[in-house]
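First the structure, in the form of structure tokens, and then the observations on it.
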Amino acid sequence: MLHRPWPFLVMAISVLLLACSSAPPVSDSNKHMTDARTSFKSSDFDAAMRNLDKAIKTAPTEGDRQQAVILRTVLVTAMADANKQMAEAYYVGAKQPTAAAHAGPFYKQRSDYYGAANSYLMDAMQSVMNQRSKLGGPAMPLEITFPGFTGTNPGMTKIKSGVLVSDSERLSAEMQADRNALALVLSAIAGAGQDPNKGQQAYASGKIEIDPRVYIIELSNSFLQTGEMFGPRGLNEADHQKTVTEVVHANLELAEKMLAEKPDKELEARLKKCKADCDKGVAGKKK
């Protein structure tokens with residue numbers, strides 16, 4: 001009489017299940033980072049922010065945390081710039097004859113976008129301040145899909161002409177402003193200046209190494225550019241403008257120390273220009 005193979009089958013299945021269960025699980029931090037990158041790819045920047053916050057909180061190592069912090073800092077820096085641009089577009093539009101009958105909504109949008117820009121800028125500057133003690137080491141790895149960008153923003157142009165666009169058109173213009181600003185910040189920290197085409201090439205492989213010296217200099221220059229909104233032609237808030245210049249000065253002092261240890265003439269010239277712009281209280285002009 002043949003013996004049934006059930007005991008052996010049960011044993012084989014048990015071994016298989018044990019092997020599967022012993023596979024290393026995906027950490028919460030890695031899952032949140034994957035979700036954040038997916039959100040970046042679909043331009044869902046609010047979701048990207050939420051996932052990055054979770055990734056930072058659950059990061060098992062400093063290296064994992066650093067990459068999430070860098071991405072979040074880059075994102076809020078870009079969002080600050082984009083919201084400032086939207087605010088300025090509504091201010092320009094409010095001055096047009098075509099906006100005479102609806103100037104109120106233009107000024108309301110200007111105020112809202114300036115408020116958002118202020119919040120994002122303060123967030124970005126605080127983030128860099130928190131990172132200062134950890135910068136200055138080796139290059140920092142960064143993996144992200146480069147955003148879609150355009151040389152123009154038709155929706156923003158329409159707003160500047162004095163046309164009161166629909167909410168869907170406004171949000172479309174806002175998203176394109178976010179993408180364009182993010183492309184510029186990512187390009188800058190990758191050493192591609194203000195050229196998103198070069199930036200796109202730099203990120204083509206999906207993963208690059210960020211020079212800490214370039215990172216802090218370029219972010220500081222972006223802070224100055226966005227901080228122009230606190231000047232007389234913007235919100236006229238001298239105390240906030242002073243805060244921006246103080247943060248940038250401290251950032252550049254750190255950059256000088258890093259350059260003293262590892263000299264680079266091109267970066268030294270860039271730092272010198274940024275410092276001069278900070279002393280004047282104006283942003284460095286884009287390359």
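Data table
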read-out	value
In range of the label at residue 169: residues from the stretch 85-113 whose backbone nitrogen is under 14 Å from the point 7 Å along Cα→Cβ	90, 93-94, 98-99, 102, 106
Dimensionless Rg over Rh [the stretch 205-287; C-alpha; Kirkwood]	1.03
Full-extension gain in nm, residue 272 to residue 61, via 0.36 nm per residue minus C-alpha separation	72.5 nm
Amide proton proximity set for residue 140, modelled H, under 5 Å, gap of 5+	210, 211
Using a Förster distance of 25 Å, the FRET efficiency for residue 31-residue 111 (Cβ separation, nearest 0.05)	0.05
Positive-pole candidate from 188, 114, 276, dipole of the chain, charges at beta carbon	188
For residue 235, distant residues with modelled amide H under 5 Å away	230
Listed residues 248, 76, 163, most fluctuating in the chain (Gaussian network, C-alpha, under 10 Å)	163
The chain: translational diffusion in µm²/s, Stokes-Einstein, Kirkwood Rh over Cα pairs, 10 °C, 1.306 mPa s	76 µm²/s
Residue-by-residue Karplus 3J(HN,Hα) for the stretch 178-183, coefficients 6.51, -1.76, 1.60, Hz, glycine and proline x	4, 4, 4, 5, 5, 4
Per-residue HN-Hα couplings for the stretch 210-220 [Karplus 6.51, -1.76, 1.60; θ = phi - 60°; Hz; x = Gly/Pro]	9, 6, x, 5, 5, 4, 6, 5, 5, 5, 4
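Where a number appears in this text, it was derived from the coordinates with a stated rule and is not lab data. Please read these numbers as outputs of a predicted model, since none were measured by experiment. Every residue, glycine as well, gets a Cβ built from its backbone with ideal geometry; the counts of neighbours run over all protein chains shown.
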